[in-house]
1. State whether the residues of the range B:129-143 include one that is surrounded by fewer than 24 Cβ atoms within 10 Å (Cβ to Cβ) and closer than 18 Å to B:Pro215 by Cβ.
2. Here are some residues: B:Ser420, B:Ser411, B:Ser379. Which one is within 23 Å of B:Leu226 (Cα to Cα) and either in contact (Cβ under 8 Å) with a residue 60 or more places away in the chain or of a type in the set (A, V, I, L, M, F, W, C) (or both)?
3. Out of the residues in the range B:247-268 meeting the condition of being assigned to a helix (DSSP H, G or I) and touching a Gly at 6+ places or on another chain (Cβ under 9 Å), tell me which one is surrounded by the most Cβ atoms within 10 Å (Cβ to Cβ).
4. Working carefully through the options B:Ser22, B:Ser77, find the one that is more than 11 Å from B:Gly167 (Cα to Cα) and of a type in the set (S, T, N, Q).
5. Kindly state which strands (runs of 3 or more DSSP E) lie completely within the range B:359-452 and contain at least 2 residues that are among the hydroxyl-bearing types (Ser, Thr, Tyr) and surrounded by fewer than 24 Cβ atoms within 10 Å (Cβ to Cβ).
6. Regarding B:Arg313, is this residue among the basic types (Lys, Arg), more than 9 Å from chain A (Cβ to nearest Cβ), closer than 19 Å to B:Arg397 by Cα and surrounded by fewer than 22 Cβ atoms within 10 Å (Cβ to Cβ)?
7. Mind listing whichever residues of the range A:1-45 are assigned to a helix (DSSP H, G or I), more than 9 Å from chain B (Cβ to nearest Cβ) and touching a residue at least 24 places away in the same chain (Cβ under 8 Å)?
Amino acid sequence: MRGQVTRDDTIRASVERWLRASIEDAERRGLPELKPLLEGLAQATVALRAADWNDTVPEPPEPAAT
Amino acid sequence: MTITGLTIAELSNRLASRQVSSSDVTEACLERIAADSGRLNAFITVLADEARADARRADIEIASGGYRGPLHGVPISLKDLIDLAGAPTTAGSRVLEGHVAVADATVAARLREAGAVFLGKCNLHEFAFGTTSEDSAFGPVRNPWDSTRFAGGSSGGSAAAVVAGMGFASIGTDTGGSVRIPAAVCGCVGLKPTSGELPCDGIIPLSRTLDHVGPLARSVADASLLYRAMAGDRNPRGLPSSRVPSGSLRLGLLKPYFLDVLDGDVEKAFGLALERLAGAGVTISERAVRHASDIATVYLHLQLPEASAYHARRLDADPDLYTAPVRQRLEMGRYVLAEDYVRARGGADALRREVDAALEDVDALVLPTVPITAQPIGSTTLTFGGQAYPVRALMLRLTQLFNITGHPAISLPCSRSGGSLPVGLQLAGHRGRTPDLLALAAAVEEAMGRRE
């Protein structure tokens, strides 16, 4: 149901997907030592995407209450 | 005071009036370099023969009435990622082994034109990608006040050289604080001009939108001389003739975030400096930057991918030639998404507007340069209020904002009590008004009490 997933949840989920893919890629390239660095970067990326200066496509209007 | 401890302003009067020769002064600097190289590791390449030849040429020109100005015959050094024709540029890395510059960087050419004598190329954090000057293929730079501690970075060799009398000034680069940070932890003046004012061609980039070139010197007047010469002024003068009275200065003290994490020595020295300024009639009022807690986030998402893009080819071809920490940070930058880079550009715009607003009705912003003093070499984290902070993040915490926004900023040494390590006071001025910042900094320097 819409309204239960917040904007922050969406951001966290997208960054989590990016982080998993990045760690997998780093391991495949023989760079497992990047994992803690990427985890730190992921925290910063969450903050970056949540910042109020970002221009974004407007959310669709909430359905009228019945 | 020995001759190698003079300011450029003091030395140039003696050179112009032929009380001393450039050859003698250059020899004295070369002796200091030879004596302290093992202890500080400040230089990668010493250009002794070339410096002696340049000094002899300067002496002949001065004797024959061809005095060029206050940098004529003055021995200085360059951070070893600034090209000097015929000399190796190593960037502190094995990656550039065998690379010899074919031409001077523009700033080096302008200094040469002003008559400066180049003593050599200074050690640095590899490719300027670090804040301590520990990760260099040529070994760590050591702090002149305590050689078990780091010199700050990335222009660590430059700062150590200036403080230890191995030349009268040095030219460094500053991408997140790399001139101001080592100036603060070694105890000299370091200037980052307004973004784009000084040309960076002939200088190995770290991050093209954040890179600046700037001087490290023993006084604000000396920093001003070097800045003007690098800006293309053929007859640079130290400071404007009209002195700024400290009683007319208005400073904005950056508060939330900027003073939240400070070690005791920095807090004490910075507090004393503010007291002295207030005592000299300086008006100090509090200012804020609304997105201050996002500064590091914005910086990371700009700096990492820009650095990675420059290094991508060598990173693929010769990854093992990089030191491990620098290689890891370069590799990390390859995972930053383009959309996040664009968001960070938006953040930079927001921060620029906020710093402009904080500067309204004041002449400059004031804050410490680095929240900690020089730490033992090898330190990785420090704890404040029960929270662990990476040393790298602490070193960048108070300087990187002005690389993002482009405002000019300068670090001055605070007065020190016996045995304490140096602490820097930072002033940030209005964009495009670096000369005004320098004039103001000279007044602040005088009000705080000049060199010890």
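1. no
2. Values: B:Ser420 fails: within 23 Å of B:Leu226 (Cα to Cα); B:Ser379 fails: within 23 Å of B:Leu226 (Cα to Cα).
So the residue among B:Ser420, B:Ser411, B:Ser379 that is within 23 Å of B:Leu226 (Cα to Cα) and either in contact (Cβ under 8 Å) with a residue 60 or more places away in the chain or of a type in the set (A, V, I, L, M, F, W, C) (or both) is B:Ser411.
3. Applying the filter and picking the extreme gives B:Val266.
4. Details: B:Ser77 fails: more than 11 Å from B:Gly167 (Cα to Cα).
None of the others qualify; the one that does is B:Ser22.
5. Working: elements: B:364-368, B:381-384, B:387-390, B:409-413, B:424-428.
Fully inside the range B:359-452 and qualifying: B:381-384.
6. The answer is no for B:Arg313.
7. A:Arg7, A:Asp8, A:Ile11, A:Arg12, A:Ser14, A:Val15, A:Glu16, A:Ala42 - these are the residues of the range A:1-45 that are assigned to a helix (DSSP H, G or I), more than 9 Å from chain B (Cβ to nearest Cβ) and touching a residue at least 24 places away in the same chain (Cβ under 8 Å).
Matching residues to (1) out of contact with any helix residue (DSSP H, G or I) (no Cβ under 7 Å at 6 or more places or on another chain); (2) in contact (Cβ under 8 Å) with a residue 40 or more places away in the chain:
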residue	(1), (2)
B:Val100	yes, no
B:Gly115	no, yes
B:Phe118	no, yes
B:Lys121	yes, yes
B:Phe129	no, yes
B:Asp135	no, yes
B:Arg142	no, yes
B:Trp145	yes, yes
B:Ala161	yes, yes
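The values are calculated or read from the model by the stated rules, or taken from the named source; none is laboratory data. All values derive from a computational prediction rather than experimental measurement. Note that we place each Cβ from the backbone using ideal geometry, even for glycine, and neighbour counts take in every protein chain shown.
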